[in-house]
Amino acid sequence: MLVLRSRIEMMRWSADQRRRGNRIGFVPTMGALHEGHLALLGKARGNSRAVAVSIFVNPLQFNDPRDFERYPVQPKKDRRMLESGGCDVLFMPDRAEVFEGQEDDRFPLGGLDSYWEGPMRPGHFQGVVNVVDRLFGIVRPDAAFFGEKDRQQLTIIQWVASQQRWPVEIIPCPTIREQDGLAMSSRNRLLDPVHRGIAPMLHMALQAVADSAFTRSVPECLNQGMAVLQRDSRIALEYLGIADARTLRPLEDWADEPQVVALIAARLGDIRLIDNLTLERP
Ligand code: AMP
């Protein structure tokens, strides 16, 4: 596996792959890798002849400086995991290589940041889209892989990709979970044992919503989820809601939206976790 830090070298690699007629698959990450990231890599491997993964802890998307400072870093382990997952090139740029001093592009987000994570994390999605735009400009992938774990991020990137006519196919990947249902996340390792023990309750709450979805009313379903969370006062809920998966608009009744999703965010101690679940119509 090649490890590149320079923008120019990364662009050269990419141009070389294209010259050879190789499709390029790309997985952008912030490192501290786990099975969820490896599933994205596996999907990219099955889709594209040449696969690049980036590790870049994007300062622009952290609205909370403490969250940025303590974000886990494990470069050696990450490299080993990527190597055995079949990654061709690992791109690990520093901030200057990515942004070249230009960090303030504003992208229209179509109001998709008005709900859920948007108000909770001001500037977060602008930061995400900024870095994805920059990385796409360097790596020039044919396909890029994003996890449903970060559902709103995925929806926003799909929307911006079509608006900006990014020549990149955005491919969603299902959420990978621990045995106990907790969605894998780099932040999980920051949980102390007590909070790690109760963290699966987020997924249990989503499951409780899903259990009565479409058969009971939306508020009743949400109450089912709330009932799970109320069993433990150490879970500080930020939101639990149901949305149209395409627009992310909160739903108050089961309209005719073909795709519906339940979303949750909560703090356990000072660690913030998010999760979501697609609700299947019977
Ligand atoms: P991150 O390193 O957290 O920025 O995540 C990089 C990519 O991995 C994003 O597209 C995430 O949505 C995706 N991802 C993170 N956790 C999971 C998971 N548990 N299952 C599937 N994809 C994930």
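The values are calculated or read from the model by the stated rules, or taken from the named source; none is laboratory data. All figures in this text were calculated on a predicted structure; none of them were measured in a lab. Note: ideal-geometry Cβ built from the backbone for every residue, glycine included; neighbour counts use all protein chains shown.
Observations on the structure shown:
- Candidate set from the stretch 121-152 (those that are in a helix (DSSP H, G or I), surrounded by fewer than 21 Cβ atoms within 10 Å (Cβ to Cβ) and free of Cβ contacts under 8 Å to residues at least 60 places away in the same chain); member that is nearest to the ligand (Cβ to nearest atom): 133
- Residue in the stretch 8-18 that is more than 16 Å from the ligand (Cβ to nearest atom) and aromatic (Phe, Trp, Tyr) present: yes
- Every residue from the stretch 42-58 that is touching a strand residue (DSSP E or B) at 6+ places or on another chain (Cβ under 6 Å) and in contact (Cβ under 8 Å) with a residue 60 or more places away in the chain: 43, 44, 47, 48, 52, 54
- From the options 209, 261, residue that is part of a helix (DSSP H, G or I), within 27 Å of residue 196 (Cα to Cα) and among the β-branched types (Val, Ile, Thr): 209
- Residue within the stretch 69-88 that is part of a helix (DSSP H, G or I) and of a type in the set (A, V, I, L, M) present: yes
- Search result, residues across the stretch 153-179 that are more than 10 Å from the ligand (Cβ to nearest atom), of a type outside the set (Phe, Trp, Tyr) and over 14 Å from residue 27 (Cα atoms): 155, 156, 158, 160, 161, 162, 163, 164, 165, 167, 179
- Being over 30 Å from residue 44 (Cβ atoms) and either surrounded by 17 or more Cβ atoms within 10 Å (Cβ to Cβ) or at pLDDT 95 or above (or both) holds for only one residue in 192, 180, and it is 192.
- Those residues of the stretch 45-66 which are within 11 Å of the ligand (Cβ to nearest atom) and within 21 Å of residue 4 (Cβ to Cβ), in sequence order: 53, 54, 55, 56, 57, 58
- Scanning the stretch 42-80 for residues that are loosely packed, with under 13 Cβ neighbours inside 10 Å and of a type in the set (Gly, Ala, Ser) turns up just one, 46.
- Some residue of the stretch 20-35 being in a helix (DSSP H, G or I), of a type outside the set (Asp, Glu) and either surrounded by fewer than 16 Cβ atoms within 10 Å (Cβ to Cβ) or under 14 Å from the mean Cα position of the chain (by Cα) (or both): no
- Scan of the stretch 20-37 for residues that are more than 9 Å from the ligand (Cβ to nearest atom) and more than 13 Å from residue 144 (Cα to Cα), ordered by number: 20, 21, 22
- Some residue of the stretch 223-246 being surrounded by 17 or more Cβ atoms within 10 Å (Cβ to Cβ), in contact (Cβ under 8 Å) with a residue 60 or more places away in the chain and outside any strand (DSSP E or B): yes
- Cβ-Cβ distances below 7 Å connect the following pairs, each with a first residue in the stretch 155-173 that is touching a residue at least 40 places away in the same chain (Cβ under 8 Å), a second residue that is in a helix (DSSP H, G or I) and away from the ligand (no atom under 14 Å from the Cβ), and a separation of six or more residues or different chains: 171/47.
- Only one entry in 252, 220, 257 is free of Cβ contacts under 8 Å to residues at least 24 places away in the same chain and either out of contact with any Asp or Glu (no Cβ under 8 Å at 6 or more places or on another chain) or farther than 26 Å from residue 156 by Cα (or both), namely 220.
- So residue 190, is it at positive phi, in contact (Cβ under 8 Å) with a residue 24 or more places away in the chain and within 16 Å of the ligand (Cβ to nearest atom): no
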